[in-house]
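Input: a single structure, listed below in structure tokens.
The values are calculated or read from the model by the stated rules, or taken from the named source; none is laboratory data. It should be emphasised that the depicted structure is a prediction, and the values quoted were computed from it without experimental measurement. Virtual Cβ from ideal backbone geometry, glycine too; neighbours counted across all protein chains shown. Heads up: the accessible areas ignore ligands, DNA and RNA and are worked out on the full protein's heavy atoms, side chains in. Shrake-Rupley method; radii C 1.70, N 1.55, O 1.52, S 1.80 Å.
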Amino acid sequence: MMIAWAAEASQYSISQGLALAIVAIVQTLPEFFVEGAIAWNAGQDPVGWLPNVTANFTGANRLLTGLGWPLILFTAMLSRSGNKRSGLHVIALRKEQSIEVVFMLGATLYYVLIWLRGSLELIDTFVLLAAFMGYLWMLSRLPSERQDPREALDASPRAIVELRTRKHRIIAILCLFTFSGLVFVFISTPFVDSINTIAVALFGAGAGFFFIQWIAPFLSEFPEKVTAFHWARKIKLAPMALLNFVSSAVNELTALIAIIPIVFALSIGAIGPVSLTAHRDEVLLTMAQSLFACVCLMDLKYDVRNALQLFGLWLVSTAFVETRFAISIIFLLASLVELIIQRRRINVFSSFKQTLQQYFSRHS
């Protein structure tokens, strides 16, 4: 809730996109530390830990888009029904929010190279970190929110916005972000060790991968889900909730992957590739599901049909491990079908171009 308050207040000082990107960074800190701990252990004990390198980042991304995105829309729909108003069946994003979608699509397509190579290397770190920094820079150039905070915000974030000076607002927002981030930092290492120990003790050595792929991301993503569902419940902030998850997906597809070769190299004391061959199907499924999620937003709208397709395919691939390659192909085919359906409504690239012209040309 502290992160939610800080984010809602900060969008009146910086752009909403940058505010949500910062929120996503703070919220995904546990996953960065979990992934870093796994990559370090993989360097020390390749046989026991190297297969688990793919577990956290593939599970986290698929959980986010396969479960998180649909639940945002379902939460907004139920909130409207509870207030006896017509149901909300579509979440529409603004033109400038095409930036998040385009960067998520670009990072997803880069996954194809990683999958074909079957490994992560330092070149991937440089490319993905450059993409992530470019993403943050572009969001920083967008304007802040102009809507009256008294209409859009609850009491706590409104109190921050109404602080007497800009300096006091910045201090309050930074304190909330910093405190929340430090909580994540201190709990992450014992968290990942405990997850693996409990899984092995209860279910045997093979259970570690499953727990790190699903249980660890579910618990570490819980803060961002609380924040996003809080916004989705307020209906007007449903686009902000979805955008929060899109920003988190960009983080996981770029910065989270980028740290793996660095930590692994430090652990083994040499520069070398991080093999992903043991779970290439996991990487393929993650790429395919993320691609379909991006294609659903080609018209900057997310509807019930998209949500049901994402949730249904994610549920099948999670419940029946042996179907994962087949589900990957289905996701790729579904992406093609979705493009055909939306071919006359695709506006994400034109909106991206207009945003660049509107907010970047005049400053260059």
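Looking only at residues that are modelled with pLDDT of 90 or more, in a helix (DSSP H, G or I) and open to solvent by 90 Å² or more (accessible area, probe 1.4 Å) in region 341-364, which one is farthest from Ser98 (Cα to Cα)?
Ranking the candidates gives Lys353 first.
Residues Leu333, Leu291: which one is open to solvent by 70 Å² or more (accessible area, probe 1.4 Å) and at pLDDT 95 or above?
On inspection, the qualifying residue turns out to be Leu333.
Are there any pairs, at least 6 apart or on different chains, whose C-beta atoms fall under 7 Å, with the first in region 294-312 and part of a helix (DSSP H, G or I) and the second open to solvent by 30 Å² or more (accessible area, probe 1.4 Å), and if so, which?
Val295/Leu339; Val304/His89; Ala307/Phe74
So which pairs qualify, if the first residue must be in region 106-124 and of a type in the set (S, T, N, Q), the second must be part of a loop (DSSP other than H, G, I, E, B) and surrounded by fewer than 20 Cβ atoms within 10 Å (Cβ to Cβ), the Cβ gap must be under 9 Å, and the two must be at least 6 apart or on different chains?
Ser119/Pro273
Out of the residues in region 91-109 that are over 14 Å from the mean Cα position of the chain (by Cα) and closer than 13 Å to Trp69 by Cβ, which is most open to solvent (accessible area, probe 1.4 Å)?
Leu93
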